Amino acid sequence: MAEPSVATRGQKIAHLLRELAVPVVSVMLAMGIGSVIMLVAGYDPLVAFPAMLKGAFGGGRQIGETLLRATPLMFTGLAVAYGFRAGLFNIGAEGQLFLGGLSAAWLGIVLAGLPQPFNIVMMLLAGAAIGAAWAFVPALLKAKVGAHEVITTMMFTYIGRYIVSWLVTGPLKAPGQIPQTSQLPPESTLPRMHDLFGFLAVSRVHLGFVIGVLVAMLLWWVLKYTTLGYEARAVGLNPWASETGGISVPSTTIKALCISGALAGLAGVTEVMGVHYRLHDQFSAGFGFTGIAVALLAKNNPLGVIAAAILFGALSAGAGTMQLEAFVPTKVIFIIQALIILFVAAEQLARWIIGRTRRVGVEHAS
Amino acid sequence: MLADILAPDLFASAIRMATPLALAAIGGTICERSGVVNIALEGMMLFGAFMGVIGAMFTGSAWFGVLTALVAGMSLALVHAFASVTLRTDQVVSGTAINILATGLTGFLMEVIFGHPGTTDSVARLRPVFSINGPTEGMLGTVWRWIDLVALSHTPLVYLAIILAIGGHWALFNTRWGLRLRALGEHPRAADTVGISVVRGRYSAVLTSGALAGLAGANLTLEQVGSFTEGMTNARGFIALAANIFGRWTPGGSYGASLLFGFADALQIKLQLFREVIRVPSQFFLMVPYVLTVIVLAGVVGRAVAPAAIGKPYVKG
């Protein structure tokens, strides 16, 4: 709708480049400031960043690790992005992810002995359903009384984490000292990519990555071509006009936040089925929160989420090597993440800097 | 058992637990009254808590720690003000970035300074303000025990929160400062027309909220615990925002709502001591403040009216 129908190929490319400029510049600025912070703290960014690059893309195994870490971020990124498109901020993807992981850890044991494709489908569906259910109360409160979803979904994250903590230390605890559930049988896990495709290098990346890409494409299609997606976008752009145009804002809000929750639930499912094969209460490294950065960097475009998730996956995969070779604490990637969000969100920053330099220039001239 | 639960120490603990929420909630009230949403209270509190420990550690003075906590909160608030007022960035997004930044900065600096993740060394704490010896015998002794524990046993920032709640509440509705602040959030164009600088007003409101959130962090580390643990704020910044809403964007109401959350927290801690009698897993006690927050929001929000211009960047024109 936004593009003029008579746009030439050249105009389209120029448009795409303009769209890409802000994210690319933002990432570079964030890394630049990250380097300054490293220097001040006494580390060498010229050792750190090459080490990070090596850890993320240095070989088949490293690339696999990057894609592995991109997988949950793709799902949480899609979750947050879909919410944003409907004008909702699902800051609680982390909680929905925990519930999704919980459902997989439980259902995977129940379905033991059944064929693997069936189990995979069932566990994905169940995880999506419980993720949606975990978003439902905040969605309902948002739609009916206007309770801000930022606070309610955040509260539900804590409630969900305590429920998981209780289950893995109590009712669902596997025998032994460690608070975790029993290991899933092989038929309830996602196969690794190199087992499916022999020509791929041996790495930990699993089928979940491909599922994530397919879900991203599906979501892109839903947003662009379906009534469901159209209504979500319309409400996100202008709830009052949508209401006047005959779209029910409350029902669209509930649907959108539940779909967002379902996507975040899938992140928990694929982590349990593809990486840990069981649930313990530390199984997420804040994927729900990193999903916010992923969505913003992608400008809430589902296809952009794939690329943004791979970037953050690479940061995460490379951080370990960076710590080993340059001794920089891995937490620096959270600082870089926050800066990326700030720069992407502050598109005005570029204009502000340009305005400043112009003004200074004028003063010098006069 | 009921008498054991409803003892003076429960109410003293409720007031202590309410303090970080109240300081941040009053900060949130001031910020949102000026028309700027501040979901970064969480991050400002976390950074304040950490920098408070650092300040106290390097100087040996808990009071200096309070000062560094305040400055730390304000420094993140400056980022929020610059992003949301000057650059007109989405305020919720800017707040989120600051929360993630605070998590990253505290985790990073922790490893740089202490060489390990997790918890810092312990530092000197602020002492209770009063230390009065009262009667200990008989009826008078019981009465005194209540007064002493509930009202006189607290550390300085606990009293500061109460003073700010009362003073701030009065000032918001009875002074020029209060009128101007409310005008910024209700009708910035009108404020601008009569010569109030929207930009300056909003900057000072955001910075004040950062200072108060920093003090809330100082209360956690320099009064309550004595050390910093990563992520120790545990969404208190978000609960404080809910308290601000429940308190209808007033300092007094924010304090009252914080007291409710503080009491719930104190009660769940106390009830955990009776685990032999009340056979419920501890996680369900720990959930209480979060569940209560949702219930409170669900019940009150429809009737609470936010400042009209909240969340909207102001474009002079």
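The values are calculated or read from the model by the stated rules, or taken from the named source; none is laboratory data. As the structure is a computational prediction, the values presented were derived from the model and not from experiment. Cβ coordinates were reconstructed from backbone atoms using ideal geometry, including for glycine residues, and neighbour counts include every protein chain displayed. Accessible surface is based on the protein model in full, side chains and every heavy atom, while ligands, DNA and RNA are left aside. Shrake-Rupley method; radii C 1.70, N 1.55, O 1.52, S 1.80 Å.
Within chain B, the longest run free of trypsin sites (Lys or Arg not before Pro) that sit in a DSSP loop with at most 14 other Cβ atoms within 10 Å is B:1-274. For A:Gln180, the residues whose amide H sits under 5 Å from its own are A:Ala174, ignoring neighbours fewer than 5 places away on the same chain, with H placed 1.01 Å from N.
For region A:69-314, carbon and sulfur atoms together expose 68% of the accessible surface, with a 1.4 angstrom probe and every protein chain in place. A:Gly229 sits among other residues whose Cβ lies under 13 Å from its own Cβ, and their net charge, with Lys and Arg +1 and Asp and Glu -1, is +3.
May I ask you to derive the FRET efficiency for A:Ala201 and A:Leu324 from their Cβ-Cβ distance with R0 = 25 Å, giving the value to the nearest 0.05? It would help to have the intermediate numbers written out before the result.
Numbers: r = 21 Å, r/R0 = 0.84.
Calculated value: 0.75.
Burial annotation for region A:153-171: residues with an accessible-area loss of at least 30 Å² between the isolated chain and the complete set of protein chains, computed on heavy atoms with a 1.4 Å probe, are A:Met154, A:Met155, A:Tyr158, A:Ile159, A:Tyr162, A:Trp166. Just report the Cα centroid separation between region A:35-67 and region A:112-149, whole Å. Cα centroid of region A:35-67 versus Cα centroid of region A:112-149: 36 Å apart.
Dipole size of chain B about its Cα centre, with +1 on Lys/Arg Cβ and -1 on Asp/Glu Cβ: approximately 1040 debye, rounded to the nearest 20. Ordering A:Val235, A:Phe287, A:Thr152 by Cα displacement along the dipole of region A:69-314 toward the positive end leaves A:Val235 in first place; charges were set at the Cβ atoms of Lys, Arg (+1) and Asp, Glu (-1). Summary of the geometry: region A:250-266 and region B:135-207, compared by the centres of their Cα atoms, lie 39 Å apart.
Accessible surface ranking for B:Phe114, B:Phe58, B:Phe238, B:Phe130, 1.4 angstrom probe, highest first: B:Phe58, B:Phe130, B:Phe114, B:Phe238. Applying 1/(1 + (r/R0)^6) with r as the Cβ-Cβ distance of A:Leu214 and A:Glu243 and R0 = 35 angstrom yields a FRET efficiency of 0.55. The residues of chain A have, on average, 44 Å² of accessible surface per residue, using a 1.4 Å probe with all protein chains present. Charge dipole (Cα centre; +1 on Lys/Arg Cβ, -1 on Asp/Glu Cβ; no other charges) of region A:69-314 amounts to roughly 180 debye.
Within region B:19-57, list the residues whose amide N lies under 15 Å from a label point set 7 Å along Cα→Cβ of B:Asn234. Only B:19-21, B:46 fall inside the zone, counting backbone N under 15 Å.
Between B:Thr119 and B:Phe274, the simple spin-label model (points 7 angstrom out along Cα→Cβ) gives 2.8 nm.
Sort chain A into rounded, prolate or oblate with this rule: let a ≥ b ≥ c be the square roots of the eigenvalues of the Cα gyration tensor; rounded if a/c is under 1.5, and if a/c is not under 1.5, prolate when a/b is larger than b/c, oblate otherwise.
On the way: a/c = 1.71, a/b = 1.20, b/c = 1.42.
Here chain A falls in the oblate category.
If you take the beta carbon distance between B:Trp63 and B:Ala7 as r and set R0 to 35 Å, what does 1/(1 + (r/R0)^6) give as a FRET efficiency, to the nearest 0.05?
Values: r = 32 Å, r/R0 = 0.90.
Here the calculated transfer efficiency is 0.65.
Which of B:Ala183, A:Phe197, B:Leu259 sits farthest toward the positive end of the charge dipole of the protein assembly as shown, with +1 on the Cβ of Lys and Arg and -1 on the Cβ of Asp and Glu? Checking the options against the dipole of the protein assembly as shown, the answer is B:Ala183. Total buried accessible area between B and A, probe 1.4 Å, nearest 100: 3700 Å².
Shielding of B:284-293 by partners, i.e. mean partner chain Cβ atoms within 10 Å per residue?
Details: counts 4, 1, 6, 9, 2, 2, 10, 5, 1, 7.
Mean partner shielding for this stretch: 5.
Distance from the C-alpha centroid of region A:217-239 to that of region B:267-317: 32 Å, rounded to the whole angstrom.
With K and R counted +1 and D and E -1, the other residues having a Cβ less than 14 Å from that of A:Trp106 yield a net charge of +2.
Taking a ≥ b ≥ c as the square roots of the eigenvalues of the Cα gyration tensor, an a/c ratio of 1.5 or more together with a/b no larger than b/c marks region A:156-265 as oblate.
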